[in-house]
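Visitor: Would you mind keeping the following structure in view while I ask a few things?
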Amino acid sequence: MAAALLGAVPLGLTGSPIKTRHGSPQLLQCAAPKRTPRSRPHVAASNAGADFAVTNFQVETPDASDEVLECPTLRHLLRPRPSPFVVNNNFGGGFVSDEDRVALSAIKFASGESAGAKCISSDDGGSDRWLEASMEQLCVPLPPWGLRAGARETIWFNPAEVHAAIVTCGGLCPGLNDVVQGLVSKLTDYGVPEGHILGIRYGFRGFYDRKAKPIVLTKKTVEGIQLEGGTMLGTSRGGADMKQIVKQIDLWGIDMVFVVGGNGGNAGAAAIQEELEKNNIICSVVGVPKSIDNDILLIDKTFGFDTAVEEAQRALLAAKVEASSAYRGIGLVKLMGRQSGFIAMQASMASGVVDICLIPEVPFKLAGENGMLAYLEKVLTEKGHAVVCVAEGAGQDILGAEDDRKCDASGNPILKDVGPWLKSEIKKYFKDADVKYIDPSYLIRSIPTISGDRIYCKVLAHNAVHAAFAGYTGVTMGLVNTHYCYLPIRTVIQAPRRVDPRGKTWNRLRVSIGQPNFV
């Protein structure tokens, strides 16, 4: 009930409450408890015989005129029909309405001085407005609402006639097999016949590479794959011929394509959707956001991230043991994070053993009174040992990698290896230090998921299938302010999501370990 009441006060990016249907902004007030007796809430008559009582609190819903981040659909080309889950009311859980909304901005900042807020000028050049600093990365302003994900009572494809394809793209990440299994399971539950679900081998190239023919996926073939790391379908980066992919989709009669990938994979999904539309081919393209770096815009977290943080701590704890067991020992651990330092930041916070954390979003310098090496010397003097965690994309400005401007097949910047370089610089500065360097990247990427990620993967997969049957295309989904939401792919691939140096999470880490700014 508390969550429902809070949802009655939606907040827009302008920093102002959205007006209720009565026209005036409302705010849930926190007041000191009174000692006078409280009257019991009235129980609605329709629920009087239930095992639980529902009070008659009035919850305001958004007006129909409230702006929502619209998602592309194929509904104008399809025929509606009842969902096969209507007979049991979606297993007793009910359905999501197209009018359900998820707030894209969860905080109303009092001013630009509030922690995590960013002050920017309004479009009309008038008064300032405040939003989360991390949202600066978006190229366009967002409406206050997004579409809630979930099963719809009305669907737009006939399950008995559907042919679907599933493809995994980009680097490995814990949870790929979980998502594949979840997609196959939910497609089968909808009534897609056995033999109608194809697994595309080795990324997008599997659509047209004769050496990587698709395989048929059934509940039996995917049984137990969630217990293994990697992807049973194989994966690859970039280099896809979109015209050839669309040609094969049309040739095979594919109605739904599910792309499990990161920013590059989702960009590929968006390109496929646009090429399909250009050629008047009816096929729903739905992305499932995969990024071990947790760098997809707007989404609270991507699948596999929690597993990566959990496993990364093992390397940090090993570095702690090595460092504390040596005279002036220094444990140096390099973790994943090309442009976003979420894994390094969260693993450092969770482990409680890190003295210095270096991420791509926060520039640092090595030398000088305020440099990292001087602070490391201070830590060694006080503790006798130290642990340093560095994200792979940190320090690229010092290494000169930004001048090269080269990218890999997925469009990711090609980095210079910060780990060995930093180890060398530390050894030059500390002649008597014992430096132990650990790079666990591939060990982390290849493991099965922990339970939280396993559940998350299943829900994402199910929502992806719901999106396709609801007629949406060119969408991806994930948790947005703790609720599952559909988002246009083109919106979330504008830029990688990055750690906000002014945000609360980075500040919490600095406070907990006492790390200064190395500038």
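Visitor: Where the second residue is in a loop (DSSP other than H, G, I, E, B) and among the acidic types (D, E) and the first is more than 11 Å from E361 (Cβ to Cβ) and open to solvent by less than 70 Å² (accessible area, probe 1.4 Å) and lies in the stretch 492-516, which pairs have Cβ atoms under 8 Å and are six or more apart or on separate chains?
Guide: I513/D355; Q515/D355
Visitor: Oh, and also: Let me spell it out: the conditions are (1) at pLDDT 95 or above; (2) surrounded by fewer than 20 Cβ atoms within 10 Å (Cβ to Cβ); (3) of a type in the set (K, R), and K118 meets all of them except one. Which number is the exception?
Guide: (1)
Visitor: Being crowded, with 20+ Cβ neighbours inside 10 Å, assigned to a loop (DSSP other than H, G, I, E, B) and in contact with a Phe, Trp or Tyr (Cβ under 8 Å, 6 or more places away or on another chain) is the filter; apply it to the stretch 157-172 and report the residue that is modelled with the lowest pLDDT.
Guide: C169
Let's see how each residue does on (1) surrounded by fewer than 24 Cβ atoms within 10 Å (Cβ to Cβ); (2) among the acidic types (D, E); (3) over 26 Å from V519 (Cα atoms):
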site: E310; (1), (2), (3): yes, yes, yes
site: A315; (1), (2), (3): yes, no, yes
site: G341; (1), (2), (3): no, no, no
site: V353; (1), (2), (3): yes, no, no
site: G368; (1), (2), (3): yes, no, no
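Visitor: Can you give me the ranges of the strands (runs of 3 or more DSSP E) entirely in the stretch 424-515 with at least 3 residues that are β-branched (V, I, T)?
Guide: Of the strands (runs of 3 or more DSSP E) lying wholly inside the stretch 424-515, those with at least 3 residues that are β-branched (V, I, T) span 475-480.
Visitor: Output yes when any residue across the stretch 318-338 is touching a residue at least 24 places away in the same chain (Cβ under 8 Å), within 23 Å of D434 (Cα to Cα), open to solvent by 40 Å² or more (accessible area, probe 1.4 Å) and out of contact with any strand residue (DSSP E or B) (no Cβ under 9 Å at 6 or more places or on another chain), and no when none is.
Guide: No.
Visitor: If you take the residues of the stretch 143-154 that are among the aliphatic types (A, V, I, L, M) and in contact with a strand residue (DSSP E or B) (Cβ under 6 Å, 6 or more places away or on another chain), which of them is surrounded by the most Cβ atoms within 10 Å (Cβ to Cβ)?
Guide: A149
Visitor: Further, regarding this structure: If a residue must be more than 22 Å from A160 (Cβ to Cβ) and open to solvent by less than 50 Å² (accessible area, probe 1.4 Å), how many such residues does the stretch 73-92 contain?
Guide: Number of matching residues: 0.
Visitor: Ok, one more. Any residue that is modelled with pLDDT under 95, open to solvent by less than 40 Å² (accessible area, probe 1.4 Å), part of a helix (DSSP H, G or I) and not aromatic (F, W, Y) - is there at least one of those in the stretch 194-215?
Guide: yes
The values are calculated or read from the model by the stated rules, or taken from the named source; none is laboratory data. None of the values given here were measured: they were computed from a predicted structure. All Cβ positions, glycine included, derive from the backbone under ideal geometry; neighbour counts span all protein chains shown. Protein only, heavy atoms only, side chains kept; ligands, DNA and RNA dropped before computing areas. Shrake-Rupley method; radii C 1.70, N 1.55, O 1.52, S 1.80 Å.
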